[in-house]
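Reading through the structure tokens given below for one structure.
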Amino acid sequence: MTFELSHFNAALVFALCASVVFGITQRNTTRDMLRYGAYCFAMFIGGVIIASWAMWIIKH
Amino acid sequence: MANPQNSAALPRNAAPSSKAAPQTNSMTIIAPIAGWLLPGLGHMIQRRYIRGVLLMAAIFTMFFAGLGMQGKIYSFNTGDLLDILGFVGDLGAGLLYIVARVMDWGVGNIHRAVADYGTKFIVVAGLLNIIATVDAYHIAIGKKE
């Protein structure tokens, strides 16, 4: 079974899975886990968007 | 009898609850091994069912997404350093890695750019499982609730 993912969708899946694991393992309370997971997810996706715009600016 | 080493990890005024109480010594060995073999199982056998299911879902999704993108599964090798590290990362997925090797999944596809992402997904799934395994151990020794 194979499937096609766009680069951005692949980054979304990666960010979601990694954020879940980071949130659960790096914090002690449920509230902190949720907050840290959301923070990691935002940082992953924010990093992707910033890096992609930076590459676009370098190219042009 | 309370183990002074484990009770030192609790806050000074915290009343020891059944959930935060340190597990038996056997659990400190069983939980990491179970967690490594099957992602999330180390948490589930310590009654952290929701955490275990979430960890399992995240790591399984990542591993099988990597396979779906035609990522490569590394085998044991003594060649390039990055290949050796790739093998170590893959091995972190435990039974998932063993099953994938036995079934001959993950042969890779150098003609697709996304396949390279898949290879990284599989390695990272193994690395995330190692983090989850260490977390299961910390719960077993009472360092974490």
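Would you mind telling me which numbered condition in (1) within 13 Å of chain B (Cβ to nearest Cβ); (2) part of a helix (DSSP H, G or I); (3) over 12 Å from the mean Cα position of the chain (by Cα) A:Arg35 fails?
(1)
Given the residues A:Ile45, A:Ile24, which is the only one that is free of Cβ contacts under 8 Å to residues at least 60 places away in the same chain, more than 24 Å from B:Gly42 (Cβ to Cβ), in a helix (DSSP H, G or I) and of a type in the set (Val, Ile, Thr)? Walk me through it before giving the result.
Details: A:Ile24 fails: more than 24 Å from B:Gly42 (Cβ to Cβ).
Testing whether each residue is free of Cβ contacts under 8 Å to residues at least 60 places away in the same chain, more than 24 Å from B:Gly42 (Cβ to Cβ), in a helix (DSSP H, G or I) and of a type in the set (Val, Ile, Thr) leaves just A:Ile45.
Tell me yes or no: at least one residue of the range B:83-90 is within 20 Å of B:Ala132 (Cβ to Cβ), of a type in the set (Asp, Glu) and in a helix (DSSP H, G or I). Break it down stepwise before answering.
Initial filter on the range B:83-90 (within 20 Å of B:Ala132 (Cβ to Cβ)): B:85-90.
Subset that is of a type in the set (Asp, Glu): B:90.
Narrowing the set further to residues that are in a helix (DSSP H, G or I) leaves B:90.
Yes, some residue in the range B:83-90 is within 20 Å of B:Ala132 (Cβ to Cβ), of a type in the set (Asp, Glu) and in a helix (DSSP H, G or I).
Residue check: is A:Phe3 touching a residue at least 40 places away in the same chain (Cβ under 8 Å) and either surrounded by fewer than 17 Cβ atoms within 10 Å (Cβ to Cβ) or among the acidic types (Asp, Glu) (or both)?
Details: touching a residue at least 40 places away in the same chain (Cβ under 8 Å): no; either surrounded by fewer than 17 Cβ atoms within 10 Å (Cβ to Cβ) or among the acidic types (Asp, Glu) (or both): yes.
Here the answer is no, as A:Phe3 does not meet what is asked.
Would you pick out the residues in the range B:91-126 that are of a type outside the set (D, E, K, R), in a helix (DSSP H, G or I) and either touching a strand residue (DSSP E or B) at 6+ places or on another chain (Cβ under 9 Å) or away from chain A (no Cβ under 14 Å) (or both)?
Start the filter on the range B:91-126 by keeping residues that are of a type outside the set (D, E, K, R), which leaves B:91-100, B:102-103, B:105-111, B:113-115, B:117-119, B:121-126.
Next, from what is left, pick out any that are in a helix (DSSP H, G or I): B:91, B:95-100, B:102, B:113-115, B:117-119, B:121-126.
Those that are of a type outside the set (D, E, K, R), in a helix (DSSP H, G or I) and either touching a strand residue (DSSP E or B) at 6+ places or on another chain (Cβ under 9 Å) or away from chain A (no Cβ under 14 Å) (or both): B:Leu91, B:Leu95, B:Tyr97, B:Ile98, B:Val99, B:Val102, B:Ala115, B:Gly118, B:Thr119, B:Ile122.
Taking only the range A:8-21 into account, find how many residues are within 8 Å of chain B (Cβ to nearest Cβ) and either of a type in the set (A, V, I, L, M) or over 10 Å from the mean Cα position of the chain (by Cα) (or both).
Counting residues in the range A:8-21 that are within 8 Å of chain B (Cβ to nearest Cβ) and either of a type in the set (A, V, I, L, M) or over 10 Å from the mean Cα position of the chain (by Cα) (or both) gives 6.
Given the conditions (1) under 18 Å from B:Pro39 (Cβ atoms); (2) surrounded by 15 or more Cβ atoms within 10 Å (Cβ to Cβ); (3) not hydroxyl-bearing (Ser, Thr, Tyr), and given that B:Ala115 satisfies all but one, which numbered condition is not satisfied?
Here B:Ala115 meets the rest and fails (1).
Among B:Val107, B:Val134, which is the only one that is closer than 25 Å to A:Ser6 by Cα and of a type in the set (Val, Ile, Thr)?
Criteria check complete, one pass: B:Val107.
Before we move on, is B:Leu96 among the hydrophobic types (A, V, I, L, M, F, W, C), surrounded by 16 or more Cβ atoms within 10 Å (Cβ to Cβ), under 14 Å from the mean Cα position of the chain (by Cα) and on the phi < 0 side of the Ramachandran plot? Spell out the reasoning first.
Details: among the hydrophobic types (A, V, I, L, M, F, W, C): yes; surrounded by 16 or more Cβ atoms within 10 Å (Cβ to Cβ): yes; under 14 Å from the mean Cα position of the chain (by Cα): yes; on the phi < 0 side of the Ramachandran plot: yes.
Yes: the conditions hold for B:Leu96.
Bear in mind these aren't lab numbers, they're just calculated from the coordinates by the rules spelled out. Here the structure is a predicted model, which is why all the values come from computation and not from measurement. A quick note on method: Cβ atoms are made from the backbone with ideal geometry, for glycine too, and the neighbour counts reach across all protein chains shown.
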